[in-house]
Amino acid sequence: MTSYGYEAIDAAGKAVKGSIEADSMDKARADLKSQGLTVVALKEQSILTRDININIGGKPKARDLSVFCRQFVSMIRAGVTILDALHMLTEATENKKLQEAINEVRVSAEKGESLASAIAEHPRVFPDLMVNMVAAGEASGSLDKSLERMAVQFERSNKTRSLVKKAMMYPLVVIIVAIVVVIVMLVKVIPSYVVMFEQMDTELPGITRAVQAASNFMINKWFILVPCIAVIVVAVMQFGRTDAGRHFFGKVTLGIKPIKNLVVKTASAQMARTLSTLMGSGVPLVEAVDIVSHTMTNVYFKEALEEAKDDIVIGQPLSVPLQRCGLFPPMAYHMIRIGEESGNTEEMLDKLADYYEEEVEMAVATMMAAMEPLIIVVLAVIVLVLISACMAPMLTMYEALDSM
């Protein structure tokens with residue numbers, strides 16, 4: 001497709017500039033006209049004149065989608081048509097990628113497509129969960145309720161995800177600072193001490209020689225060290241994208257008790273909240289479980305829900321495969337079983353989600369409290385080694401002087 005730069009006048013009489021990709025200039029002009037724009041100038045862009053579009057942060061965050069759903073609900077309940085609401089949301093949305101997607105959804109809706117079909121054309125912006133919720137809302141005539149449920153879903157998911165990121169951020173920052181300090185010590189501080197000790201013609205202790213060797217390697221062989229680290233990082237990332245890698249890292253997270261506790265509670269909260277949201281909008285259980293399985297970050301939970309979907313198809317209640325897989329805590333499948341027996345599964349899932357979202361908060365707080373002293377101990381050991389490497393020759397020299 002070719003990129004075309006355009007100058008146009010919108011419906012409000014405002015001059016706008018931008019770029020559009022199309023198979024031909026006539027197609028580009030038609031697309032702009034369908035967006036309610038009167039084209040003033042249109043020409044093909046070269047490499048030098050092409051607009052540079054940088055999307056920082058990738059696809060819109062859950063917070064952006066939550067605000068979008070809330071605003072959409074308010075407009076629909078105020079009697080605004082879907083097309084007008086989409087037009088206003090395009091202007092009100094700050095996230096550029098979401099703004100472009102909403103505008104394209106509006107164009108597709110003007111051509112007669114359903115809102116769910118138009119949203120489904122942008123899988124990198126709108127998740128499958130939202131597509132199915134909108135489709136269910138359109139089919140039942142309760143689009144506003146479906147969007148409201150999605151807003152709550154995005155808000156709760158964003159809160160849970162933020163808590164988990166918070167737990168990971170502190171140790172990551174400390175590790176980075178520790179690495180920087182060690183590099184500075186090895187490159188700047190240690191060499192100056194070593195030169196001083198060599199001038200004294202003093203035999204260096206073993207710990208000092210070891211640190212000196214590390215310092216020399218980092219100073220003289222950095223061009224080998226840096227590429228090796230880069231290759232290892234890239235290799236680990238690529239391995240993590242493979243099926244074997246996903247299973248390996250999924251097993252590792254479930255093998256470390258503090259991390260497993262957080263992973264299990266987060267997965268339980270996400271499963272319960274998403275399943276309740278879908279079922280509350282009329283999505284069939286089998287389809288709902290299939291959608292939920294694709295939202296799981298740990299591959300073992302994803303596979304457990306995929307197997308649960310197959311068991312539901314042959315007539316088993318959801319609680320049975322959840323108990324059999326051994327991944328979800330007893331509270332999860334017991335409450336779901338009670339909901340199945342009493343006929344209020346959706347309500348039980350809501351309560352289950354509330355419970356495990358609180359548990360995630362407590363697990364994060366517990367994990368942070370446990371990691372802080374551990375990190376302090378690790379840093380203390382690193383500093384102690386470096387200080388010992390510097391002080392050991394001095395102590396050796398003082399002992400030699402005392403013995404004279």
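Per-structure values
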{"item": "Rg to Rh quotient for segment 216-303, alpha carbon positions, Kirkwood Rh", "result": "1.23"}
{"item": "Long-range amide H partners of Gly18 with built H, under 5 Å", "result": "Tyr6"}
{"item": "Simple label model, 7 Å out from Cα along Cβ direction - Glu91 to His334, nm", "result": "5.6 nm"}
{"item": "Furthest towards positive pole of dipole, Gln238, Ala151, Val107, structure part the chain, Cβ charges", "result": "Gln238"}
{"item": "Within a Gaussian network of the chain (alpha carbon springs, distance under 10 Å), most fluctuating of Lys188, Lys97, Lys351", "result": "Lys188"}
{"item": "Exposure ranking of Met335, Met150 by accessible area [1.4 Å probe, largest first]", "result": "Met335, Met150"}
{"item": "37 °C / 0.692 mPa s Stokes-Einstein diffusion coefficient of segment 327-400, Kirkwood radius on C-alpha pairs, µm²/s", "result": "195 µm²/s"}
{"item": "Using alpha-carbon coordinates, inclination of helix 243-255 to the longest axis of the chain, degrees", "result": "70 degrees"}
{"item": "Cα-based equivalent ellipsoid, segment 201-267: semi-axes from gyration tensor eigenvalues, Å", "result": "39, 19, 8"}
{"item": "Chain lengthening between Lys61 and Met169 when straightened (0.36 nm per residue, less Cα-Cα)", "result": "37.1 nm"}
{"item": "GNM top mover of Pro258, Pro321, Pro393 - the chain, alpha-carbon springs below 10 Å", "result": "Pro393"}
{"item": "Base-10 log of normalised Debye intensity for segment 255-362 (one unit scatterer per alpha-carbon) at q = 0.16, 0.18 Å⁻¹", "result": "-0.63, -0.81"}
{"item": "Within a Gaussian network of the chain (alpha carbon springs, distance under 10 Å), most fluctuating of Asn261, Asn344, Asn220", "result": "Asn220"}
{"item": "Cα coordinate range in segment 104-232, projected on the principal axes (Å, largest first)", "result": "89, 28, 18"}
{"item": "Calculated over the chain: convex hull of Cα atoms, volume per residue (Å³)", "result": "213 Å³"}
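The values are calculated or read from the model by the stated rules, or taken from the named source; none is laboratory data. All of these numbers come straight from a predicted model, not from anything done at the bench. No Cβ is skipped: glycine too gets one built from the backbone with ideal geometry, and neighbour counts run over all protein chains shown. Just the protein is used for accessible areas: all its heavy atoms, side chains included, with ligands, DNA and RNA removed. Shrake-Rupley method; radii C 1.70, N 1.55, O 1.52, S 1.80 Å.
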